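Student: Dropping a structure here in structure tokens format, bear with me for questions.
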Amino acid sequence: MNRSTSLNTTIAFIGGGNMASAIIGGLVRAGHPASTILVVEPSPEQALRLRSQFGVQADAAAGPALGAAGLIVWAVKPQVFEAAAAPCAPYASQALQLSIMAGIPCAAIEKASGSARVVRAMPNTPALIGQGMSGLYARPAVTLDERLQVEQMLAPTGQLLWVEQEAQLDAVTALSGSGPAYVFYLLEAMIQAGVELGLSAEQSRQLAQQTVAGAAALSAQSSETPEVLRQRVTSKGGTTHAAISTLEARGVKLAFVRALHAAAERAAELGAEFGKN
């Protein structure tokens, strides 16, 4: 459904890095006027790239132009949020706030911006090619129409999932936010094994990448659980059974589950740290 009028507003990005660029690119491709997109980006090189690639306004520092924004997207690194927010505060309180920063809680964004209308998004790196997965949480002050604005903005980056409690974003971070690294880790191991078994690095990479991509696609299109799909290719006494049995004997599944718990715990710690002030 076309909801182009939902984003009939000036959009300001605080930070113009890779994830912000992915969202800006999606907006421009969808027909949002570049003239109504403002980026506050202190790096001259990055600001020049944004201007030349997308035709947007890119300023080194926040100024009165920020006050015209109906939607502000926070896209700086978490550790520089406070420093970046201070000069924005005089111009930010009337806008809907969307954060794509890891760890910064809604309360901290509300305090820094003066707006209770805060949405947090936890995207992942496949958003850079439109294949991302973003978890979203909205404060009660955010209206349904404002949720739709956020959905429209982020739709070009991939799939979206709303959660009902902000604390659930820690689980989203552990599962999908950090998730691409787990897949790359698996690919590393598969490629290494392929080389050790006599294939070239390029052959191993092609086989591993397409196997992972194909298995994920099959799982997405199937009504059966991953467990059932795995069992279907694990004939007792066969090659897959030998591999899975080795993984089970070494506790790989349990280690993976524990790893995600560790990621979620660290996300909660960072949230507590950033939310102190």
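Student: Identify, from the list L169, L154, L160, the residue that is surrounded by 16 or more Cβ atoms within 10 Å (Cβ to Cβ) and touching a Lys or Arg at 6+ places or on another chain (Cβ under 7 Å).
Tutor: The unique qualifying residue is L169.
Student: Determine whether L66 is crowded, with 19+ Cβ neighbours inside 10 Å, part of a helix (DSSP H, G or I), in the same structural domain as G158 (by TED's automatic domain parsing) and modelled with pLDDT of 90 or more.
Tutor: Answer is yes for this residue.
Student: If I ask for residues that are touching a helix residue (DSSP H, G or I) at 6+ places or on another chain (Cβ under 8 Å) and part of a helix (DSSP H, G or I), which ones from the stretch 70-89 would you list?
Tutor: Result: P78, F81, E82, A85, A89.
Student: Within the stretch 135-163, how many residues are farther than 22 Å from T36 by Cβ and touching a residue at least 40 places away in the same chain (Cβ under 8 Å)?
Tutor: 1
Student: Being surrounded by fewer than 20 Cβ atoms within 10 Å (Cβ to Cβ) and among the hydrophobic types (A, V, I, L, M, F, W, C) is the filter; apply it to the stretch 103-123 and report the residue that is nearest to the chain's Cα centre (by Cα).
Tutor: The qualifying residue nearest to the chain's Cα centre (by Cα) is A107.
Table: residues versus (1) modelled with pLDDT of 95 or more; (2) part of a helix (DSSP H, G or I); (3) among the β-branched types (V, I, T).
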position	(1), (2), (3)
Y185	yes, yes, no
V195	yes, yes, yes
A216	yes, yes, no
V228	yes, yes, yes
A262	yes, yes, no
N277	no, no, no
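Student: Right, A127: free of Cβ contacts under 8 Å to residues at least 40 places away in the same chain and assigned by TED's automatic domain parsing to the domain that holds A22 or not?
Tutor: no
Student: Of everything in the stretch 27-49 that's part of a helix (DSSP H, G or I) and among the β-branched types (V, I, T), which residue is modelled with the highest pLDDT?
Tutor: So, considering only residues that are part of a helix (DSSP H, G or I) and among the β-branched types (V, I, T), the one modelled with the highest pLDDT is T36.
Student: Among the residues of the stretch 119-132, is there at least one that is out of contact with any helix residue (DSSP H, G or I) (no Cβ under 9 Å at 6 or more places or on another chain), in a loop (DSSP other than H, G, I, E, B) and farther than 20 Å from T9 by Cβ?
Tutor: No.
Student: While we're on this one: Which ones in the stretch 190-207 are hydrophobic (A, V, I, L, M, F, W, C) and surrounded by 11 or more Cβ atoms within 10 Å (Cβ to Cβ)?
Tutor: Within the stretch 190-207, M190, I191, A193, V195, L199, A201, L207 meet the criteria.
Student: Could you tell me whether A220 is surrounded by fewer than 15 Cβ atoms within 10 Å (Cβ to Cβ) and not in a loop (DSSP other than H, G, I, E, B)?
Tutor: Against the criterion (surrounded by fewer than 15 Cβ atoms within 10 Å (Cβ to Cβ) and not in a loop (DSSP other than H, G, I, E, B)), A220 qualifies.
The values are calculated or read from the model by the stated rules, or taken from the named source; none is laboratory data. Since this is a predicted model, take the numbers as computed values, not measurements. Virtual Cβ from ideal backbone geometry, glycine too; neighbours counted across all protein chains shown.
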